[in-house]
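One structure is given below, encoded as structure tokens.
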Amino acid sequence: ADLQAKKAKAAEKKRRQRQRQKEKKAREKNEEERETLRLKAEEERNRQMEEAKRVRDGLQAKPACLCCDFCGKRVKRRSDMLRKLQYVYCTTECVKRHQRELMAARAEARMK
């Protein structure tokens with residue numbers, strides 16, 4: 001009787017231990033899913049903010065190709081592109097023209 005009680009107690013302990021492990025794994029999976037959703041939402045928010053900034057700066061939506069942010073001209077190689085701040089340009093002329101445009105918009109905003 002004593003041996004059976006010990007075996008039953010050990011079996012119950014093992015069952016509880018497995019249940020705790022199962023619950024812990026479920027909690028971890030749930031937290032992982034929540035974190036993934038949070039990261040996706042944050043990524044989407046950042047993308048939307050970047051798009052809004054591009055619109056404010058007078059640029060079109062970001063194309064999927066290797067294109068100049070100012071004139072939209074396709075560039076064959078990434079090495080041919082110029083990068084300034086968060087924008088990518090095909091020539092220094094595009095950089096200068098966009099810079100002038102931004103300065104004019106800021107000056108106009110100050111006049112209002």
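The values are calculated or read from the model by the stated rules, or taken from the named source; none is laboratory data. Remember, predicted model here, so these are calculated numbers, not experimental data. Neighbour counts are summed over all protein chains in view; Cβ atoms, including those assigned to glycine, are modelled from backbone coordinates with ideal geometry. With ligands, DNA and RNA removed, areas are computed over all heavy atoms of the protein, side chains included. Shrake-Rupley method; radii C 1.70, N 1.55, O 1.52, S 1.80 Å.
What the table below lists for this structure:
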| item | result |
| --- | --- |
| Apportionment of accessible area to carbon and sulfur, the chain, percent (1.4 Å) | 52 percent |
| Dipole moment magnitude, nearest 20 debye, the stretch 6-112 about Cα centre, only Lys, Arg, Asp, Glu C-beta charged | 1240 debye |
| Rounded to whole Hz, the Karplus (6.51, -1.76, 1.60) HN-Hα couplings of the stretch 38-55, x for glycine and proline | 5, 5, 5, 5, 5, 4, 5, 4, 4, 5, 5, 5, 5, 5, 5, 5, 5, 5 |
| Distance violations [Cα-Cα > 29 Å] among K53/K96; K40/K96; K73/K112 | K40/K96; K73/K112 |
| From phi via Karplus (6.51, -1.76, 1.60), per-residue ³J(HN,Hα) for the stretch 15-23 in Hz, x at Gly/Pro | 5, 4, 4, 5, 4, 4, 4, 4, 5 |
| Table column - 3J(HN,Hα) (Hz), the stretch 95-108, Karplus curve with 6.51, -1.76, 1.60, x for Gly and Pro | 4, 5, 5, 5, 4, 4, 4, 5, 5, 5, 5, 5, 5, 5 |
| For D69, residues with placed amide H under 5 Å, excluding near neighbours | V88, Y89, C90 |
| Of (i) -0.30, -0.79, -1.07; (ii) -0.54, -0.92, -1.12; (iii) -0.39, -0.87, -1.14, the label for log10 I(q)/I(0) by the Debye sum over Cα atoms at q = 0.10, 0.17, 0.21 Å⁻¹ derived from the coordinates | (ii) |
